[in-house]
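S.K.: Here you go, one structure.
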Protein chains: 10
Amino acid sequence: MSRLDVTEKIIATKVAKGLKWADVAREVGLSKEWVTAACLGQMTLDAEQAAVVARLFDLSEAEARWLQVVPYKGSLPTSVPTDPLIYRFHELVSVYGTTFKELIHEEFGDGIMSAIDFRMDLQREPDPKGDRVSITMSGKFLPYKTY
Amino acid sequence: MSRLDVTEKIIATKVAKGLKWADVAREVGLSKEWVTAACLGQMTLDAEQAAVVARLFDLSEAEARWLQVVPYKGSLPTSVPTDPLIYRFHELVSVYGTTFKELIHEEFGDGIMSAIDFRMDLQREPDPKGDRVSITMSGKFLPYKTY
Amino acid sequence: MSRLDVTEKIIATKVAKGLKWADVAREVGLSKEWVTAACLGQMTLDAEQAAVVARLFDLSEAEARWLQVVPYKGSLPTSVPTDPLIYRFHELVSVYGTTFKELIHEEFGDGIMSAIDFRMDLQREPDPKGDRVSITMSGKFLPYKTY
Amino acid sequence: MSRLDVTEKIIATKVAKGLKWADVAREVGLSKEWVTAACLGQMTLDAEQAAVVARLFDLSEAEARWLQVVPYKGSLPTSVPTDPLIYRFHELVSVYGTTFKELIHEEFGDGIMSAIDFRMDLQREPDPKGDRVSITMSGKFLPYKTY
Amino acid sequence: MSRLDVTEKIIATKVAKGLKWADVAREVGLSKEWVTAACLGQMTLDAEQAAVVARLFDLSEAEARWLQVVPYKGSLPTSVPTDPLIYRFHELVSVYGTTFKELIHEEFGDGIMSAIDFRMDLQREPDPKGDRVSITMSGKFLPYKTY
Amino acid sequence: MSRLDVTEKIIATKVAKGLKWADVAREVGLSKEWVTAACLGQMTLDAEQAAVVARLFDLSEAEARWLQVVPYKGSLPTSVPTDPLIYRFHELVSVYGTTFKELIHEEFGDGIMSAIDFRMDLQREPDPKGDRVSITMSGKFLPYKTY
Amino acid sequence: MSRLDVTEKIIATKVAKGLKWADVAREVGLSKEWVTAACLGQMTLDAEQAAVVARLFDLSEAEARWLQVVPYKGSLPTSVPTDPLIYRFHELVSVYGTTFKELIHEEFGDGIMSAIDFRMDLQREPDPKGDRVSITMSGKFLPYKTY
Amino acid sequence: MSRLDVTEKIIATKVAKGLKWADVAREVGLSKEWVTAACLGQMTLDAEQAAVVARLFDLSEAEARWLQVVPYKGSLPTSVPTDPLIYRFHELVSVYGTTFKELIHEEFGDGIMSAIDFRMDLQREPDPKGDRVSITMSGKFLPYKTY
Amino acid sequence: MSRLDVTEKIIATKVAKGLKWADVAREVGLSKEWVTAACLGQMTLDAEQAAVVARLFDLSEAEARWLQVVPYKGSLPTSVPTDPLIYRFHELVSVYGTTFKELIHEEFGDGIMSAIDFRMDLQREPDPKGDRVSITMSGKFLPYKTY
Amino acid sequence: MSRLDVTEKIIATKVAKGLKWADVAREVGLSKEWVTAACLGQMTLDAEQAAVVARLFDLSEAEARWLQVVPYKGSLPTSVPTDPLIYRFHELVSVYGTTFKELIHEEFGDGIMSAIDFRMDLQREPDPKGDRVSITMSGKFLPYKTY
């Protein structure tokens, strides 16, 4: 058994039981973004969180234990994703990558936006011309330091 | 002469004259995100916008004309970027890619967040534990349709 | 069980029962292009469509449920396809890619032809010198907007 | 001097003189699709066609001679294109590749749609919900034969 | 079951029963080149041919049916083959690729040698200094056409 | 100066002077296949051959000397060629690679067809249904030996 | 002019003048590790540091200004380095990568060692059996947080 | 059975029994760095060490024997790792690769730091601003020699 | 069953029974280099040799038959090997590749060292400063010929 | 100026002056293998050696200084070489890679053959059936050590 097996079981159970990520997140008591990433094998749960997920997805005790092990992260089969929805995010990095870089350096100097001390929130933004996906990301700025 | 030559001249002139993207954007009258991307060879300017950019960066008339031609987009030299700041965005797509997919489909059904009918806003988010980079993205949801 | 398993079962059943995509499409009540793509794991069916497909391909209820889950799209094992028929399409993009770009921008300005709000129709075009494959594609033009 | 130099000169001259591909095509007396591909270094012109193109783009006699040499084809810098407009075509091949294959084989048997004995036509398709790009492709079906 | 399973069974049965491709071809009544390619999953057999192959390789009726389905072609695990015999052919394309191009264009103009309307014949060429492999390829020339 | 510079000069001079490879080969006194490959930077000429080529292509003495240096071989910019004519040969290796392997081993045992002790001949094969390209390849069989 | 041009000038001047990185670092007043990385185009200098470097390497004022611009980082031409010294570090990541992961998670939980809030020190470690290279790295642990 | 199977069993048993690498190392009597790498399939154990590991992880005698076979090394699924913790080490090689090279050559001349005659030590470095990961590496310098 | 299965069984049996390649080679009556390569799936055995190997490794008759089939060669999972021992050979080709080329051409003219008509011998070379691996390779020189 | 420029000048001068590597090596007083590698930009010369090479190849003092700088090693443009002579060495690593590994480990235990403390000798081996290339490699065995 591996974490990947547990992730696949979670996904299959979700389809079979018709669960929703928003409901899972509510049960766990954290954001839907973090909880979904955790269930998809990208984050580490503590014992209590794992117990909730195990209950919802009918996981065994052994499977619940895997949820508490830090996973080898990366959720995509290829470095350039083929799925159109995910590719659009890859495209944003490709087209706006140097723009992110210029504007963050202009505001903060040399450093990066942390992808670890990071949170995000994804919402529907109603719009008469067609609703929009709104994503707010917040990552700590980490400066390079001289030494 | 090509659009790439014009982009390189803009970057070199920015260094030489010590310009700021925020100021360039103010002169153009649009967001700093769109204007920076345009100056970096990713967007197409109209004649008026091009004239402003040409004035600020000492571009010739021929160079200004290139700003009005649709560029071959993509700002990065490799599909997996080596620059640490830009890589963090690549990592977010890698780690959260399936999470984006699950949550957008749960909310909207099958489709994508447009990377064309798209806008974003990048701000400093003051925080006593260290200021944060805050990015808000808004893209129109485009549903797949049966036919 | 995963969507891939369902796709493979559909393909194997099609071979075993000698079904035709055109007939499947007629039963579903949509174009053969969309229905084939859906059966091959690229589109999402609603409950009613899934029921028809399940009946034709002897799918279980659990398998039918997978047809209603948005799949991870991309139908090819490598980014440059080895199959000669599919490669010819790759070659058209390689040879005519910049031509598509120039002509669409000349007609519409900066933007793209949507691959989401998209439909296509594939027909036999009789020709005394050898019949031809005729493909008509229609995708909404999506303009880049300033902000 | 190489064909690539001539292509780059044509592109730069087009920007400088504000020419349109549709007008160039009219002068040459062929479709805008073929003529644009030829000017972009993908097709071979005969002497008469080359003379017209040379006149319009101020090419020297030596440059015009290059237009009559069969070029090394392929117009894109990477096999997976970064440009969003061109990528959408790559995505169509990725998502619909197996669908093209199934439907052409169902109609014609084993073989391919020729990318050589091929023509296409790109038009604006007016639509109240937003105009569309309409592309009609026609390629001779070439059957595999036993021997 | 898939075509790949059938191909693997054919190969394993060939080893177990000590069959020869030349004999299989004689039974099918076609060239050893075409028949071998078909048995290796690259060509499509008709019902009669499939029946012969099924008899020789102890295939079930279901397996025989797969031989009549157009396969996803491409017989190699990597685009640059590691096997020394096959690599030599890759090397010929690498070293002589531009020579093929120049000489075919010099003789025929712009176009290609078809890999579909194609046949080949592989023979032992006795030679006192060491026998040679002789391969004759014949492919229809397909000209690019203006439109 | 490098061999590549000499190759490019030969190609450019060929375009400028309208030379034909068949005529060059006749002057050198060898096959058009070998001579074209040599002029394209894949083979090594002796002093006499180099003098003929230098005369025909207006090469300097220094350039002629480069023709006598063994080149770094490989004539294509990418391992999977984008040019349609050359790609068809790549496709033949992909589709027929395992067939070449099976048939040569069946006839000769373990070993390879040499790509060094190799010659080939490319001819027009008249055909009422459209002329064909005929290529005859002959390579010495080299057996693996035990030791 | 670009940062790369400045880096190349620094390297060439270092060879010409026989400078040592340790001496450059002493003049700048920081560690040899940080200063070397900065001179090689990986870190950003402030005005005072840039002035010192400019003096030592005979840089113009314009070149000194480039040293104060945040560079596009990544010092290697390929993602798997060919240089034997640098490859050994790549190999350490390949062989010990999962060991780093296990031990850091065992000690700290889920998170990473920062490569931004990072310093290192490289020293000769005398050893009778042959001197050793000793490298001490120190990076802040950054924990993943729930949200 | 293969070494990979044994590694996977060790990892699964570790999760099931809640073992710690530091404790395993203490039992084996060597550093946690070497022992972890060995358990993860990167080092070769002697009979005695293998017996300890077998006892702790409930390995069979056959499995213990595999621990004493030199493994095919390399612990990562892709040459550019997707896991954020491991990627940071890849990034250090990318950003500091040329710095390592310059400083080691400046101190020692031409040669490399051995990745074989190598040891390392990973510790928590308490820090009021957030604890740090401290890694000390020591590799023998191996000079290139003339011959 | 495939040749790969047989290779894996040989490797597993070798571990289980504690066999040595040198002993296997002695039984077969050929060099340890050729016999090891054959057992690892890279060479083809005759009936007698296969019988010896089958006896030593407890292979069935069917498995022994696979040893007599020419394998698809290439023993490494990636074209740039991750295993440190094997990588050093890759590095020798990378660093000394052009040196091999220059010296062989200087001595023999244009051509190659055969990797087919090839033998090698690997020995321990005692040395007071540490024993050395000594490898002697001998490959027939094959000249390119004009035609 | 860079080391690559010096290497290219050495190669061009060698062609122009008709020098031989064996003679250059004799002047330098070291093996032809080491000296050729050094002249091709893979090894570092001391002042005296550099002076000899500079004299033979008409290098300036600045160019001679570059010969004394440790180069970024790796002499090939792609990781899988296209040149047939060099490819044969790549193929030997691919086919015999696991054999090298097994035999060295059987003789020496876990460790590698050094590619740094390494020397080699390339000779013509006369043979009535065609002369052979004989290469003797000697690399120190470096054992992995526990710690």
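S.K.: So, in segment G:26-39, how many residues would count as being in a helix (DSSP H, G or I) and more than 10 Å from chain H (Cβ to nearest Cβ)?
M.R.: The number of residues fulfilling the criteria is 3.
S.K.: Next question, about the same structure. Select from segment H:63-85 the residues that are touching a helix residue (DSSP H, G or I) at 6+ places or on another chain (Cβ under 6 Å), open to solvent by 10 Å² or more (accessible area, probe 1.4 Å) and within 23 Å of J:Phe100 (Cα to Cα) and list them in ascending order.
M.R.: H:Arg65, H:Trp66, H:Gln68, H:Val69, H:Val70, H:Gly74, H:Ser75, H:Leu76
S.K.: A follow-up question, please. The conditions are (1) in contact with a Leu (Cβ under 9 Å, 6 or more places away or on another chain); (2) within 23 Å of G:Glu33 (Cα to Cα), and H:Leu67 fails exactly one of them. Which is it?
M.R.: With (1) in contact with a Leu (Cβ under 9 Å, 6 or more places away or on another chain); (2) within 23 Å of G:Glu33 (Cα to Cα) applied to H:Leu67, the lone miss is (2).
S.K.: Out of curiosity, is I:Thr99 open to solvent by less than 30 Å² (accessible area, probe 1.4 Å), within 14 Å of chain H (Cβ to nearest Cβ), under 30 Å from H:Gly111 (Cβ atoms) and modelled with pLDDT of 95 or more?
M.R.: yes
S.K.: Is it fair to say B:Arg88 is open to solvent by less than 40 Å² (accessible area, probe 1.4 Å) and charged (D, E, K, R)?
M.R.: yes
S.K.: List the residue pairs whose Cβ atoms are under 8 Å apart, where the first residue sits in segment J:103-126 and is more than 7 Å from every other protein chain (Cβ to nearest Cβ) and touching a residue at least 40 places away in the same chain (Cβ under 8 Å), the second is part of a strand (DSSP E or B) and hydroxyl-bearing (Ser, Thr, Tyr), and the two are 6 or more positions apart or on different chains.
M.R.: J:Met120/J:Thr136; J:Met120/J:Ser138; J:Asp121/J:Thr136
For (1) touching a residue at least 40 places away in the same chain (Cβ under 8 Å); (2) in contact with a Phe, Trp or Tyr (Cβ under 6 Å, 6 or more places away or on another chain); (3) assigned by TED's automatic domain parsing to the domain that holds H:Met137, each residue gets a yes or a no:
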| site | (1), (2), (3) |
| --- | --- |
| H:Thr13 | yes, yes, no |
| H:Ala16 | no, no, no |
| H:Arg26 | no, no, no |
| H:Glu33 | yes, no, no |
| H:Val53 | yes, no, no |
| H:Glu61 | no, no, no |
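S.K.: Would you mind telling me which numbered condition in (1) within 7 Å of another protein chain (Cβ to nearest Cβ); (2) farther than 30 Å from B:Met43 by Cβ A:Gln68 fails?
M.R.: Tallying (1) within 7 Å of another protein chain (Cβ to nearest Cβ); (2) farther than 30 Å from B:Met43 by Cβ, A:Gln68 fails exactly one: (1).
S.K.: For residues that are surrounded by fewer than 19 Cβ atoms within 10 Å (Cβ to Cβ) and more than 16 Å from J:Ala25 (Cβ to Cβ), tally how many sit in segment J:45-62.
M.R.: Adding up the residues that qualify gives 5.
S.K.: Tell me whether segment D:9-27 contains one or more residues that are surrounded by 22 or more Cβ atoms within 10 Å (Cβ to Cβ) and touching a Cys at 6+ places or on another chain (Cβ under 8 Å).
M.R.: Looking through segment D:9-27, at least one residue is surrounded by 22 or more Cβ atoms within 10 Å (Cβ to Cβ) and touching a Cys at 6+ places or on another chain (Cβ under 8 Å).
S.K.: Further question: Quick check on segment E:102-129: of everything there that is more than 22 Å from the chain's Cα centre (by Cα) and open to solvent by less than 20 Å² (accessible area, probe 1.4 Å), which residue is farthest from F:Ser138 (Cα to Cα)?
M.R.: Among them, the one singled out is E:Gly111.
S.K.: Kindly evaluate I:Thr7 against the criterion of being touching a Gly at 6+ places or on another chain (Cβ under 8 Å) and under 20 Å from J:Lys101 (Cα atoms).
M.R.: Here the answer is yes, as I:Thr7 does meet what is asked.
S.K.: Within the bounds of segment A:79-91, is there any residue that is touching a residue at least 12 places away in the same chain (Cβ under 8 Å) and under 17 Å from B:Met137 (Cα atoms)?
M.R.: no
S.K.: Take segment D:12-37 and flag every residue that is among the charged types (D, E, K, R) and either at pLDDT below 95 or closer than 16 Å to D:Leu67 by Cβ (or both).
M.R.: Passing the criteria: D:Lys14, D:Glu27.
S.K.: What is the residue count in segment I:118-141 for residues that are over 29 Å from J:Lys129 (Cα atoms) and among the aliphatic types (A, V, I, L, M)?
M.R.: Going through segment I:118-141 one residue at a time, the tally reaches 1.
S.K.: Then there's this: Only one of these conditions is not met by G:Leu103: (1) under 22 Å from B:Thr82 (Cβ atoms); (2) out of contact with any Gly (no Cβ under 7 Å at 6 or more places or on another chain). Which number is it?
M.R.: All conditions pass for G:Leu103, except number (1).
S.K.: State the number of residues belonging to segment F:136-146 that are surrounded by 20 or more Cβ atoms within 10 Å (Cβ to Cβ) and in contact with a helix residue (DSSP H, G or I) (Cβ under 8 Å, 6 or more places away or on another chain).
M.R.: Summing the residues that are surrounded by 20 or more Cβ atoms within 10 Å (Cβ to Cβ) and in contact with a helix residue (DSSP H, G or I) (Cβ under 8 Å, 6 or more places away or on another chain) in segment F:136-146 gives 3.
S.K.: Something else: Looking at (1) within 18 Å of the chain's Cα centre (by Cα); (2) at the interface with chain H (Cβ under 10 Å from one of its Cβ atoms), find the lone condition where A:Ile86 falls short.
M.R.: Result: A:Ile86 fails condition (2) only.
S.K.: Quick check: anything in segment F:128-136 hydrophobic (A, V, I, L, M, F, W, C) and either touching a residue at least 40 places away in the same chain (Cβ under 8 Å) or within 14 Å of chain D (Cβ to nearest Cβ) (or both)?
M.R.: Yes, there is a match, as at least one residue in segment F:128-136 is hydrophobic (A, V, I, L, M, F, W, C) and either touching a residue at least 40 places away in the same chain (Cβ under 8 Å) or within 14 Å of chain D (Cβ to nearest Cβ) (or both).
The values are calculated or read from the model by the stated rules, or taken from the named source; none is laboratory data. These figures come from a predicted structure and were not determined experimentally. Cβ coordinates were reconstructed from backbone atoms using ideal geometry, including for glycine residues, and neighbour counts include every protein chain displayed. For accessibility, only protein heavy atoms count, side chains too; no ligands or nucleic acids. Shrake-Rupley method; radii C 1.70, N 1.55, O 1.52, S 1.80 Å.
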